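K.L.:
Can you keep this structure in mind? I'll have questions shortly.
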Amino acid sequence: MSEKTNLIGELEALQKKAKKELTALDNPAALQAWKRTYLGRSSPVMQIFKRLPEAPKEERPKIGQFANKIKNELEAQFNKQEAAVHQQALSASLQQEKLDVTLPGRQPARGGLHIATQILREIYSIFAEMGFQIYRSPEVESDAYNFELLNIPAHHPARDLWDTFFTTEEGIMLRTHTSPGQVRAMRDFATEPIRVVLPGMCYRYEQTDASHEFQFNQVELLAIGKNITFADLKGTLEDFAKRMYGQNVRTRFRPSYFPFVEPGGEMDIECFVCSGKGCSVCSRKGWLEILGCGMVHPVVLRNGGYDPDVYSGFAAGLGPERIAMLRYHIDDIRDFWANDVRFLEQFSG
Ligand code: PHE
């Protein structure tokens, strides 16, 4: 046996062995190890080139070419096997780690208007149709606007109705109602006719319970002009009640006392839960109180810059939270400002 057949034979045997091992490999680490063994710098194939002197001179080119051919074939086989292993790993992971692209995405949390804001806007739009504009007045008020100018002098017992939060600044407090805005609007517009709604937050020093909260919204209604009568007050408020609660709603007026109106009253609507028969919502009365109202007191008109002998007007104050409570059967007023989203999101539609 010549040197030539020996080296060629070695190469053939090597290729056979390498190929057999390669087809059995199924992971990248083993593949890399195989590559080092059979195609690395010190692999038998590469060593053949060093060993060429063992063969007769004239045979060496052929052996070299053969070794090259084996090397290229092994490389090609390696690449093929590597691609197959990669493909296999991919389809295995696709099988195991199922990705369901039909699952709906996560909904981003959507904000919504607070229930009180929704009711406020409803009230604005009803009064806007009757020609009333929104007039903003401050939540932090002076004793003068909150009481004095509204015909509630210091030490007047009526002040007990509106106990409030005082600031450390003498005579400055959080308003207890939106009525101070009446005088502000009058002083702003005197002696033009006025039709405004004054919305916003009010504060009272209250022991809180299911029907008392220390902050709440009010909407004040004010109309000033010549020849405005109690009939205008009744007509406007009855129309409001119909638009807010439905055309068939019945209303009634009861006399009541507020120092800044004369005569003063409160308006009730027939309980829409029991239609006047009496139930737990209306405390068996059949009627629900929804607002305070009256003809603007001459003293207040004068304080606002209107001569009570020439001008007259009416005012009313209603509570949007109360309207929402009646409409949605909310039984605790503290829910409005407790910031519990479980409550708030029920009205976010
Ligand atoms: N300001 C009164 C209150 O808070 C309500 C009211 C407004 C009454 C206007 C009469 C006229 O109770």
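K.L.:
I need the full set of residues from the stretch 123-148 which are exposed (fewer than 15 other Cβ atoms within 10 Å of the Cβ) and assigned to a helix (DSSP H, G or I), in order please.
P.N.:
Across the stretch 123-148, the qualifying residues are SER125, ALA128, GLU129, ALA144.
K.L.:
Kindly check whether there is at least one residue in the stretch 243-256 that is touching a Ser or Thr at 6+ places or on another chain (Cβ under 6 Å) and under 13 Å from CYS293 (Cβ atoms).
P.N.:
So far as the stretch 243-256 goes, no, none of its residues is touching a Ser or Thr at 6+ places or on another chain (Cβ under 6 Å) and under 13 Å from CYS293 (Cβ atoms).
K.L.:
Does ILE269 satisfy the condition of being more than 14 Å from SER179 (Cα to Cα), modelled with pLDDT of 95 or more and of a type outside the set (S, T, N, Q)?
P.N.:
no
K.L.:
Cβ contacts < 8 Å: first residue at negative phi, restricted to the stretch 84-106; second residue charged (D, E, K, R) and not in a helix (DSSP H, G or I), any location; separation 6+ or different chain. Result?
P.N.:
Matching pairs, first to second residue: VAL85/ASP26; GLN88/ASP26.
K.L.:
Ok, one more. Restricting to the stretch 305-349, and then to whatever is β-branched (Val, Ile, Thr) and more than 22 Å from ILE126 (Cβ to Cβ), can you tell me which residue is surrounded by the most Cβ atoms within 10 Å (Cβ to Cβ)?
P.N.:
ILE333
Residues are listed down the side, and each one gets a yes or a no for (1) away from the ligand (no atom under 12 Å from the Cβ); (2) loosely packed, with under 15 Cβ neighbours inside 10 Å:
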site: SER179; (1), (2): no, no
site: GLN182; (1), (2): no, no
site: ARG187; (1), (2): yes, yes
site: ARG195; (1), (2): yes, no
site: TYR203; (1), (2): no, no
site: PHE214; (1), (2): yes, no
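K.L.:
If I go through the stretch 300-312 residue by residue, how many of them are in a helix (DSSP H, G or I) and either within 14 Å of the ligand (Cβ to nearest atom) or aromatic (Phe, Trp, Tyr) (or both)?
P.N.:
2
K.L.:
What's the total number of residues in the stretch 313-340 that are within 11 Å of the ligand (Cβ to nearest atom), among the aliphatic types (A, V, I, L, M) and under 17 Å from ARG204 (Cβ atoms)?
P.N.:
Residues that pass the stated criteria total 1.
K.L.:
Now a separate question. Identify, by number, the condition in (1) under 31 Å from the mean Cα position of the chain (by Cα); (2) within 16 Å of the ligand (Cβ to nearest atom); (3) surrounded by fewer than 19 Cβ atoms within 10 Å (Cβ to Cβ) that PRO108 doesn't meet.
P.N.:
Single failed check for PRO108: (2).
K.L.:
So which residues in the stretch 238-260 are in contact with a Phe, Trp or Tyr (Cβ under 8 Å, 6 or more places away or on another chain) and within 14 Å of the ligand (Cβ to nearest atom), if there are any at all?
P.N.:
PHE240
K.L.:
Another question about this same structure. Kindly indicate the residue of the stretch 282-297 that is free of Cβ contacts under 8 Å to residues at least 60 places away in the same chain and either closer than 17 Å to VAL183 by Cβ or part of a strand (DSSP E or B) (or both) and also nearest to the ligand (Cβ to nearest atom) among those meeting that condition.
P.N.:
Ranking the candidates gives GLY292 first.
K.L.:
Ok, one more. Which condition from (1) within 16 Å of the ligand (Cβ to nearest atom); (2) part of a strand (DSSP E or B); (3) hydrophobic (A, V, I, L, M, F, W, C) is the one that ILE269 breaks?
P.N.:
The number of the failed condition is (1).
K.L.:
If you don't mind, another one. What number goes with the only condition from (1) under 27 Å from the mean Cα position of the chain (by Cα); (2) crowded, with 20+ Cβ neighbours inside 10 Å; (3) not aliphatic (A, V, I, L, M) that HIS297 does not pass?
P.N.:
Of the numbered conditions (1) under 27 Å from the mean Cα position of the chain (by Cα); (2) crowded, with 20+ Cβ neighbours inside 10 Å; (3) not aliphatic (A, V, I, L, M), the odd one out for HIS297 is (1).
K.L.:
Quick one: count up the residues across the stretch 337-349 that are in contact with an Asp or Glu (Cβ under 8 Å, 6 or more places away or on another chain) and within 21 Å of TYR245 (Cα to Cα).
P.N.:
0
K.L.:
For PHE216, indicate whether it is under 20 Å from SER137 (Cα atoms) and more than 34 Å from the chain's Cα centre (by Cα).
P.N.:
When the stated conditions are applied, PHE216 does not pass them.
The values are calculated or read from the model by the stated rules, or taken from the named source; none is laboratory data. Since this is a predicted model, take the numbers as computed values, not measurements. Glycine gets a Cβ as well: all are built from the backbone with ideal geometry, and neighbour counts include every protein chain shown.
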